[in-house]
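Report on the structure given below.
The values are calculated or read from the model by the stated rules, or taken from the named source; none is laboratory data. All values reported here derive from a predicted model rather than from experimental measurement. In this analysis, Cβ positions are derived from the backbone assuming ideal geometry, glycine residues included, and neighbour counts consider all displayed protein chains.
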Amino acid sequence: MRTFTKILSASLIFMATQLHAQETFNVVVNTTAEPIAKGKFAPEWSSLSQYKVPDWFRNAKFGIWAHWGPQCQAEQGDWYARNMYMEGSGQYKSHLAHFGHPSKSGFKEVIHDWKAQHWNPEKLVALYKRAGAQYFMAMANHHDNLDMWNSKYQQWNTVRVGPKKDILEGWAKAARKNNLPFGLSVHASHAWTWYETAQRSDKTGPMAGVPYDGMLPADSGTGTWWEGLDPQELYAQNHPLSKDSWNNHALFGQWDWGNNASIPSQEYCTKFYNRTVDLINKFNPDLLYFDDTALPLYPVSDAGLKIAAHYYNHNMTTHSGKLNAILFGKVLTAEQKKSLVWDVERGAPDKIQDLPWQTCSCIGDWHYNRNVYDEDRYKSAKDVIHMLVDIVSKNGNLLLNIPVRGDGTIDDKEVHVLEGIAAWMDINKESIFGTRPWTTYGEGPSTETANPVNAQGFNEGKLKYSGKDIRFNKKGDILYATVMGIPIEDLQIKSLGKKTERKQIKSIILLGSKEKIKWQQQEDALVILKPKTVPNDIAMVFKITQ
């Protein structure tokens with residue numbers, strides 16, 4: 001998962017113009033080994049724009065994600081497999097202390113150390129469902145390039161190394177036992193540039209000039225635990241560096257393969273295509289998430305377009321001709337949003353969207369970070385519910401990651417957060433699931449401050465909610481008005497005054513309360529007298545029948 005906040009606009013302009021022209025690619029992938037499924041979708045934006053988001057996703061609103069892999073083993077947070085090769089960084093220092101110098105003990109040693117010995121997928125997914133999740137997503141691979149299933153095209157996979165388990169098979173069985181749509185996230189397209197730090201060496205100290213293990217050849221594992229495995233199948237670093245590669249921040253401006261990023265080879269792109277199509281064919285995911293601008297390897301390769309066409313066609317074949325699939329992309333143009341579901345990372349747009357979309361966020365770091373636990377830095381259940389209510393009011397869904405430790409468990413503080421979410425859902429879930437946006441998403445102080453998304457997102461937490469902030473959504477003739485806190489005085493909802501809202505209000509109840517709510521619809525506002533008691537201190541939901 002990305003942690004930066006800028007993607008250069010020039011590349012977005014380029015992509016927008018490509019939508020209306022015959023596209024040419026640096027790398028055209030070979031589909032002989034894994035043919036594109038036949039069907040109505042072709043690997044072109046104009047064809048993919050026939051897509052329509054299925055109602056099941058629009059109704060679901062809330063999913064939980066296990067963004068889990070070998071980088072969680074170190075318990076040092078995000079992008080460990082890249083940052084451990086940055087001399088002097090905190091993760092580099094931690095790696096030295098726990099695994100050794102990256103010239104001999106690189107990230108492959110972390111993979112070897114990862115055993116997932118206490119992992120119980122059925123128990124975890126059942127807990128997520130109890131907290132209100134309507135779909136579940138597992139990570140298929142990350143930028144670290146390890147496949148989490150018995151991959152036909154990647155020898156570095158969890159059946160052969162690390163846990164020696166088919167992680168995705170375990171998650172898939174657990175999701176389907178709990179009757180939850182099953183999603184997969186794919187991040188490995190960027191290993192080519194992301195792992196370039198593994199080509200470095202220390203600049204100072206006793207190991208200065210000794211190369212890290214990113215360039216080890218295939219025969220270098222003789223006599224080791226990884227004998228017979230080619231390190232380049234993992235690190236993919238047998239190529240020239242991108243421009244300014246030693247600048248740790250240069251990658252952020254090259255994420256969409258611009259600004260003199262090293263362009264992946266034919267072999268690399270075709271392998272990524274084959275791996276991903278194999279993944280789709282094996283697991284038939286209901287949702288497929290790419291951590292890419294638009295689609296994987298776009299616009300330098302047609303791999304992503306071909307994967308998208310295959311996914312939609314394959315999904316229709318396995319659902320009796322009905323398209324049931326959700327395919328996510330980031331930093332989308334208006335035209336691309338017709339072909340994919342727009343995913344916003346750690347943030348939300350500041351107005352209602354015409355098309356369904358999703359926020360992906362996390363209660364801590366994307367990969368497990370012990371410091372977040374020790375320093376009590378998880379989002380609270382209140383934080384999560386406020387995010388969810390705001391997102392739903394704007395026609396979106398929330399996909400929430402609960403970081404999993406290397407051993408396959410979540411910690412007690414994470415369980416507490418999930419229990420808090422579940423308690424609120426027990427009372428108020430009818431105001432979330434199956435709803436649609438109203439004419440306005442909300443009112444109050446939080447709506448009066450501009451808070452646009454920055455490229456792929458990253459605007460969450462910038463607004464503070466109070467009992468004066470209200471969010472709306474509807475279900476038929478019922479309007480839900482959710483107060484983002486405990487009001488200290490009578491509520492005045494301006495959007496429901498007689499001169500604004502022409503529909504007559506018939507009744508108002510407070511979900512979770514037996515108290516008779518007193519109210520009056522005046523010209524300028526609907527006035528709801530402050531309840532004597534409140535069901536919870538997170539968010540109060542008034543059910544308004546019109």
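Among the residues of segment 257-271, just one is surrounded by fewer than 17 Cβ atoms within 10 Å (Cβ to Cβ), touching a residue at least 12 places away in the same chain (Cβ under 8 Å) and out of contact with any strand residue (DSSP E or B) (no Cβ under 8 Å at 6 or more places or on another chain), namely 260.
Of the residues screened, residue 194 is one that is crowded, with 21+ Cβ neighbours inside 10 Å, under 29 Å from residue 293 (Cα atoms) and in contact with a His (Cβ under 6 Å, 6 or more places away or on another chain).
Among residues that are part of a helix (DSSP H, G or I), in contact with a Pro (Cβ under 8 Å, 6 or more places away or on another chain) and of a type in the set (Phe, Trp, Tyr), residue 192 is included. Within the set 225, 246, the sole residue that is part of a loop (DSSP other than H, G, I, E, B) and in contact (Cβ under 8 Å) with a residue 60 or more places away in the chain turns out to be 225. Any chance segment 301-319 includes a residue that's touching a Pro at 6+ places or on another chain (Cβ under 6 Å), surrounded by fewer than 19 Cβ atoms within 10 Å (Cβ to Cβ), modelled with pLDDT of 95 or more and not small (Gly, Ala, Ser)? Looking for residues that are touching a Pro at 6+ places or on another chain (Cβ under 6 Å), surrounded by fewer than 19 Cβ atoms within 10 Å (Cβ to Cβ), modelled with pLDDT of 95 or more and not small (Gly, Ala, Ser), one finds none in segment 301-319, hence no. Across segment 256-268, the number of residues qualifying as under 11 Å from residue 192 (Cα atoms) and either assigned to a loop (DSSP other than H, G, I, E, B) or modelled with pLDDT under 95 (or both) comes to 6.
Only residues that are among the β-branched types (Val, Ile, Thr) and within 15 Å of residue 471 (Cα to Cα) were counted in segment 491-511, giving 1. Considering segment 436-542, the qualifying strands (runs of 3 or more DSSP E), each wholly inside and each with 3 or more residues that are touching a residue at least 40 places away in the same chain (Cβ under 8 Å) and among the aliphatic types (A, V, I, L, M), run over 478-483. If you check 133, 138 for being small (Gly, Ala, Ser) and assigned to a loop (DSSP other than H, G, I, E, B), only one passes: 133. Residues that are of a type in the set (A, V, I, L, M, F, W, C) and touching a Gly at 6+ places or on another chain (Cβ under 6 Å) do not occur anywhere in segment 146-153. The listed residues are 123, 93, and the only one of them that is at pLDDT 95 or above, of a type in the set (Lys, Arg) and in the same structural domain as residue 234 (by TED's automatic domain parsing) turns out to be 123.
All of 184, 180 fail the test of being closer than 21 Å to residue 114 by Cα and either buried (at least 21 other Cβ atoms within 10 Å of the Cβ) or touching a Lys or Arg at 6+ places or on another chain (Cβ under 6 Å) (or both), apart from 184. Name the residue that is nearest to residue 391 (Cα to Cα), counting only residues in segment 358-372 that are touching a Leu at 6+ places or on another chain (Cβ under 9 Å) and hydroxyl-bearing (Ser, Thr, Tyr). The qualifying residue nearest to residue 391 (Cα to Cα) is 359.
List every residue pair whose Cβ atoms sit under 6 Å apart, with the two residues 6 or more apart in sequence or on different chains, where the first one lies in segment 103-126 and is closer than 16 Å to residue 138 by Cβ and the second, anywhere, is aliphatic (A, V, I, L, M) and assigned to a helix (DSSP H, G or I). Listed by first residue and then by second, the contacts come to 121/174; 122/174; 125/174; 125/175. I need a count of the residues in segment 31-59 that are assigned to a loop (DSSP other than H, G, I, E, B) and in contact with a strand residue (DSSP E or B) (Cβ under 9 Å, 6 or more places away or on another chain). Number of matching residues: 3.
Scanning segment 367-405 for residues that are acidic (Asp, Glu) and either in a helix (DSSP H, G or I) or in contact with a Phe, Trp or Tyr (Cβ under 6 Å, 6 or more places away or on another chain) (or both) yields 374, 383, 390.
Only residues that are touching a Gly at 6+ places or on another chain (Cβ under 9 Å) and either more than 14 Å from residue 406 (Cα to Cα) or assigned to a loop (DSSP other than H, G, I, E, B) (or both) were counted in segment 110-123, giving 8. Every condition in (1) within 18 Å of residue 424 (Cβ to Cβ); (2) touching a strand residue (DSSP E or B) at 6+ places or on another chain (Cβ under 9 Å) holds for residue 508 except the one numbered (1). Determine if segment 419-437 includes at least one residue that is buried (at least 16 other Cβ atoms within 10 Å of the Cβ), over 28 Å from residue 508 (Cβ atoms) and in contact with a Ser or Thr (Cβ under 8 Å, 6 or more places away or on another chain). The answer is no, given that none of the residues of segment 419-437 is buried (at least 16 other Cβ atoms within 10 Å of the Cβ), over 28 Å from residue 508 (Cβ atoms) and in contact with a Ser or Thr (Cβ under 8 Å, 6 or more places away or on another chain).
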